[in-house]
């Protein structure tokens, strides 16, 4: 935990720490496929597997930012493909409000991103991670929301 | 005019109690402090005369449907037979915003529609005590006297009239639905809906850059002392155990460290998304005058734009966060 809290800003080769919440049934399998297919993507993400994108409480995202992660990626099944039929539809509504509010209070749009990645989309998963990493690198280390201890 | 409104109100309350239509009336009575009123709970006819209604009736009474003793029999851990016996019928005096909160509580199955008798009341707005105090340089007010569009304040060695439009709450000045959305009886004349645009005070903040907005909120939220008055005043913050009080897991630090405080406020706003009726009770309850309004207004606006819903207007609606539409916009998802 403590190593997340103090991003090494002076270091020239600063690498962002990004947390990725992946749903068990699609995005996690997509990430697995990317690995099995040996598709290269940036090593900056730390994965947390969740049963469904509907499992993700907005507090999770806030806590990640607070604890010093530079970016958050949330990924689930495409609408209509949810293993639990409708989990991602509810999640989509939550995410829309969360995203709006975070941008409103001044968290840059690139820091918290959302995607749909299916189990067969190893290539897309790699692209998503690359995009998020590039965006967060451009923004630099997160400072605004980080807990000052 | 105010007097006759009060008489009508007392009459209505008395009738409800005598005819045993309700066991309890929740209303306002005079407070020992000038410019204040206090919520009162009336069970007997003889106490009806203490009811008042004026510019100082700022509490959202819907809060007490949940948080008073009369709410206790509804707790799930009590024996259901006991619950039925103790079920008390409540008459509640409701301004437009209180009525909207009651609608939300009914929709969320927190109170039963048949247990509640709503006495809707015409409301033209209530005083913002901070605005009054700022304009009188904090001098102690001993008496006040509302006239047409002015209020005369009297203190020890001063007398000053202030324009009503300068000292009403922001949420009242921009109120789009000034008449109660549901009521069993209505006191006074309906207020016409011609008011200023609700989102007006917000546009300024929305046009700022990310950095400037962050600075604004950093300044505002830093004032918070974590007393939770906002949560306690909110009619829709009724969870038996609030997430901020939990210790296992402990989601929020207990100090006034900035990120913890802000996370709490954001979480509260997200929890009330699509349910908040914009009554402004949290803002009036705040002892340090944290400007929480923009967060609430922003969410309200987004919910209206995306899901076409305004909280508290209809008993037939489905709360937006408890449902979905397959065609919801998802432009922000990769």
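Summary of values
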| read-out | value |
| --- | --- |
| Sites residue A:48 and residue A:14 - FRET efficiency at Förster radius 22 Å, r taken between beta-carbons, to 0.05 | 0.45 |
| The range A:1-145 - percent relative contact order, Cα under 8 Å, separation 6 or more | 35 percent |
| Cα-derived Rg to Rh of the range B:264-334, Kirkwood definition | 1.01 |
| Mean shadow area of chain A over all directions, Cα convex hull, nm² | 8.6 nm² |
| Gap separating the Cα centres of the range B:291-327 and the range A:96-126, nearest whole Å | 21 Å |
| Fewest-first sequence of B:179, B:148 by Cβ atoms within 10 Å of each Cβ | B:148, B:179 |
| Helix A:27-36 axis, angle to chain A major axis (alpha carbon atoms, nearest 10°) | 80 degrees |
| Residue-averaged [θ]222 nm for chain B, counting only DSSP H segments that reach four residues, each worth -39500 (n - 2.57) | -9500 deg cm²/dmol |
| CD proxy at 222 nm, helix term only [per DSSP H run n ≥ 4: -39500 (n - 2.57); per residue of chain A; nearest 500] | -12500 deg cm²/dmol |
| Considering only the protein assembly as shown, percent of DSSP beta bridges that pair antiparallel, nearest 5 | 40 percent |
| Alpha-carbon Debye profile of the range B:171-321, log10 I(q)/I(0) at 0.09, 0.19 Å⁻¹ | -0.33, -1.35 |
| Relative packing of peptides B:52-64, B:89-101, A:134-146 - highest average C-beta neighbours within 10 Å first | B:89-101, B:52-64, A:134-146 |
| Debye intensity ratio in log₁₀ form over the Cα atoms of the protein assembly as shown, taken at each q of 0.08, 0.10 Å⁻¹ | -0.57, -0.84 |
| Burial ordering of B:269, B:321, fewest other beta-carbon atoms within 10 Å first | B:321, B:269 |
| Share of pairwise Cα separations in the range B:120-234, more than 20 Å, in percent | 62 percent |
| Calculated Rg and Dmax of chain B using C-alpha coordinates, Å | 20.7, 66 |
| Percent RCO, i.e. relative contact order, over chain B, from Cα pairs under 8 Å lying at least 6 residues apart | 17 percent |
| Alpha carbon centroid spacing (whole Å) that separates the range A:16-89 from the range B:138-168 | 58 Å |
| Sorted by Cβ neighbour density within 10 Å, fewest at the top, the residues A:100, B:124, B:263 | B:124, A:100, B:263 |
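Values in this text are rule-based calculations from the coordinates and carry no lab data. Bear in mind the structure is a predicted one, so any value in this text is a computation, not a measurement. Note: ideal-geometry Cβ built from the backbone for every residue, glycine included; neighbour counts use all protein chains shown.
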